[in-house]
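J.: Quick one: the structure is below, questions incoming.
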Amino acid sequence: MRTMIETCAALLGDKSGVEAILLEMDRQIADAKESIETTKVGVRELAKAIKAHQSLLLLGMGASHFANELFALQLRKLGVQALAVSASEFLYDPLPTWKGPVLLTSQSGESVETVRCLPLLEGLQLFGITLNEESTIGRKTEALVAHGGAEKAFAGTRSVTLTITIMASVCVVLGLESKRTLEQALEAGPESQETLLQALGILSQAYQVIATGRSLFNPLAQLFALGCEELSRRSVLCLETGQLRHGPMEILGPDSALVVFRQDGTLGQLASSFEDLQKKAGFKLVVFDASSHQALEGSLTVRFPSGDDIFTVVGMMTAFQSLMIAFACTKNPQTGLPRYGSKVTITE
């Protein structure tokens, strides 16, 4: 997967942005495994609070918010009243009656909206997930600090993988799966890297790219779209699949590529409805497929070990990140070099 990125990065006049991202990705699996060990105490405390209250409010921005959504959806499957709200929304429209624990997620620990939520949460048990122990979130919450220090590259790759790994560790303590399952997920990947290269060919030739998924595979699709947008400087629409089918699918056509993140079980079976839609609309179909079902007719299928939970998502992280970075290199000669943004957003 690294070779695919390096080949595409050769097109760039300035490769420093992509090289910085690759340095982060090269260490993300090792750092994730180490984070499982270094956050053990905090993970147990967060799991204890979740069990005691059977609830969790999750606040964050950007990729951290989508990681929160993913975790919240997994917790709801475990019977927990979990709600992920963007920190910017909560800041101006807080929940007036929340009594349970709160998780503030920020890789830098200094995202302005997330930090500004702190005064609104006085008296509540506050947890944090961050890569920066000395940050505001690191100091003012019971922080679960990922191993390896802050992420330096512009796009979130290592930081997101570590964040979701820590969230999966909480699910291990809550009894969803074993630690061994999580460790195996970190080493997982697509059955064939050739299919990932073929997917890149489809996306790079498309006029527009749309991403979609259901349940906790929807925030996975959102993370993919967000990374594609900030790196390629191209719009990538992402909607939960039910929402996509209620009107917006009218934008699909022969110049479109639809990327479907497909899980196992009933929700994976629902993805078969795209077969008839593709015949009518003529779009290209790429499926990140973690189902045990037959591949969708007419699709380019990137196969992963089957599953429908947060551990399955962990096993797809490096592959989808590699595709989004390589795609960006085909569209933006300054991939990884922001024009307007910064790694840490400090103004609203």
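The values are calculated or read from the model by the stated rules, or taken from the named source; none is laboratory data. None of these values were measured; they are calculated from a predicted model. Every residue, glycine as well, gets a Cβ built from its backbone with ideal geometry; the counts of neighbours run over all protein chains shown. The area values use the complete protein model at the heavy-atom level, side chains included, leaving out ligands, DNA and RNA. Shrake-Rupley method; radii C 1.70, N 1.55, O 1.52, S 1.80 Å.
J.: Just to confirm my understanding: which cysteines in the chain have no other cysteine beta carbon less than 4.7 Å from their beta carbon?
T.: Within the chain, the cysteines lacking a partner Cβ under 4.7 Å are CYS117, CYS171, CYS228, CYS238.
J.: Report, in cubic angstrom per residue, the convex hull volume of the C-alpha atoms of segment 1-122.
T.: Numbers: hull volume 17.6 nm³, N = 122.
Convex hull volume per residue, Cα atoms: 144 Å³.
J.: Output wanted: per-residue J couplings in Hz (rounded whole) for segment 88-104, from phi through Karplus 6.51 cos²θ - 1.76 cosθ + 1.60, θ = phi - 60°, x for Gly and Pro.
T.: 5, 6, 5, 4, 9, 9, x, 7, x, 10, 5, 10, x, x, 10, 10, 9
J.: Using a 1.4 angstrom probe on heavy atoms only, work out the carbon and sulfur share of the accessible area of segment 40-193 in %.
T.: On the way: 3000 of 6250 Å².
Carbon plus sulfur share of accessible area: 48 percent.
J.: Name the lysines eligible as straight-distance cross-link partners of LYS152: C-alpha to C-alpha under 21 Å, and not fewer than 8 places from it in the same chain.
T.: Leaving aside lysines fewer than 8 places away in the same chain, those within reach of LYS152 are LYS15, LYS33, LYS343.
J.: Next question, about the same structure. Please pull out the direction-averaged projected area of segment 105-162, using the convex hull of its alpha-carbon atoms, in nm² to one decimal place.
T.: On the way: hull surface 15.3 nm².
For segment 105-162, averaging the hull's shadow over all directions gives 3.8 nm².
J.: Can you give the calculated 222 nm mean residue ellipticity of the chain, where each DSSP H run of n ≥ 4 adds -39,500 (n - 2.57) and the sum is split over every residue, rounded to the nearest 500 deg cm²/dmol?
T.: Numbers: 16 runs with 168 residues, N = 348.
When only DSSP H runs of four or more count, the value is -14500 deg cm²/dmol.
J.: Same structure, new question: Skipping prolines and chain starts, which residues have an amide H placed within reach, meaning under 5 Å, of the one on ALA82, given they are 5 or more residues away or on another chain?
T.: The list, which skips near neighbours in sequence, is LEU56, ARG76.
J.: Also, quick follow-up: Using the Cα gyration tensor of segment 26-78, with a ≥ b ≥ c the square roots of its eigenvalues, what is the shape: rounded (a/c below 1.5), prolate (a/b larger than b/c) or oblate (neither)?
T.: Working: a/c = 2.34, a/b = 1.28, b/c = 1.83.
Since a/c reaches 1.5 but b/c is at least a/b, the shape of segment 26-78 is classed as oblate.
J.: Please sort through the DSSP H helices of the chain and keep those with an alpha-carbon extent of at least 15 Å along the long axis and a Kyte-Doolittle average not below -0.5. Could the numbers behind the result be given before it?
T.: Details: long enough: 16-38 (32 Å, -0.13); 40-53 (20 Å, -0.09); 63-77 (22 Å, -0.03); 158-173 (23 Å, 1.73); 193-205 (19 Å, 0.43); 217-232 (22 Å, 0.63); 317-331 (22 Å, 1.07).
Passing helices, by number: 16-38, 40-53, 63-77, 158-173, 193-205, 217-232, 317-331.
J.: Restricting things to Cα coordinates, could you compute the convex hull volume per residue of segment 58-216 in Å³? Write out the running numbers ahead of the final one.
T.: Working: hull volume 24.0 nm³, N = 159.
Hull volume over Cα atoms, normalised by residue count, gives 151 Å³.
J.: With bins 10 Å wide starting at 0, give me the P(r) of segment 131-250 over every alpha carbon pair, in whole percents.
T.: Taking all Cα pairs of segment 131-250, the binned fractions are 11, 29, 36, 20, 4 percent.
J.: Moving on. Over all Cα pairs of the chain, how is the pair count split among 10 Å bins, expressed in % and running from 0 up to the last occupied bin?
T.: 6, 27, 35, 25, 8, 0
J.: In debye to the nearest 20, how big a dipole does segment 253-348 give about its Cα centre with +1 on each Lys and Arg Cβ and -1 on each Asp and Glu Cβ? Please report the intermediate quantities before stating the final value.
T.: Values: 8 positive and 9 negative charges, 90 e Å.
It comes to approximately 440 debye.
J.: Right, here's the next one. Using a ≥ b ≥ c from the Cα gyration tensor of segment 165-218 (square roots of the eigenvalues), is it rounded, prolate or oblate, where a/c under 1.5 gives rounded and otherwise the larger of a/b and b/c decides, a/b for prolate? Walk me through the intermediate numbers first.
T.: Working: a/c = 4.40, a/b = 1.97, b/c = 2.23.
Oblate is the answer for segment 165-218, as a/c is 1.5 or above yet b/c matches or exceeds a/b.
J.: Name the lysines eligible as straight-distance cross-link partners of LYS51: C-alpha to C-alpha under 22 Å, and not fewer than 8 places from it in the same chain.
T.: LYS40, LYS77, LYS99, LYS179
J.: Given segment 221-348 reduced to its alpha-carbon atoms as identical point scatterers, what log10 I(q)/I(0) does the Debye formula return at q = 0.09, 0.12, 0.19, 0.21 Å⁻¹?
T.: The Cα Debye sum returns log10 ratios of -0.29, -0.51, -1.15, -1.31.
J.: Using a 1.4 angstrom probe with every protein chain in place, what is the largest-first accessible-area order of HIS246, HIS147, HIS293?
T.: Details: HIS246 155, HIS147 70, HIS293 40 Å².
These residues rank, largest area first, as HIS246, HIS147, HIS293.
J.: Taking H as built 1.01 Å from N, whose amide H comes closer than 5 Å to the amide H of ASP308, not counting residues under 5 places away?
T.: Residues meeting the criterion, in which the H sits 1.01 Å from N, are ASP264.
J.: Now a separate question. Within segment 202-339, what whole-number % of the accessible surface is contributed by carbon and sulfur, with the 1.4 Å probe and all protein chains included in the calculation?
T.: Numbers: 2320 of 4980 Å².
Roughly 47 percent of what the probe reaches on segment 202-339 is carbon or sulfur.
J.: List the residues whose amide H sits under 5 Å from the amide H of LEU104, counting only those 5 or more places along or on another chain, with H placed 1.01 Å from N in the peptide plane.
T.: LEU59, PHE127, GLY128, ILE129
J.: Using a 10 Å cut-off on Cβ atoms, rank the peptides 298-310, 150-162 from the highest mean neighbour count down.
T.: On the way: 298-310: 20.7, 150-162: 23.7.
The densest-packed peptide leads the list: 150-162, 298-310.
J.: Could you give the accessible area per residue of segment 1-139, probe 1.4 Å, as a whole number in Å²?
T.: On the way: 6080 Å² over 139 residues.
Ligands and nucleic acids excluded, the figure is 44 Å² per residue.
J.: Moving on to the next point. Cβ neighbours within 10 Å, averaged per peptide: list 261-267, 76-82 in order, most packed at the top.
T.: 261-267, 76-82
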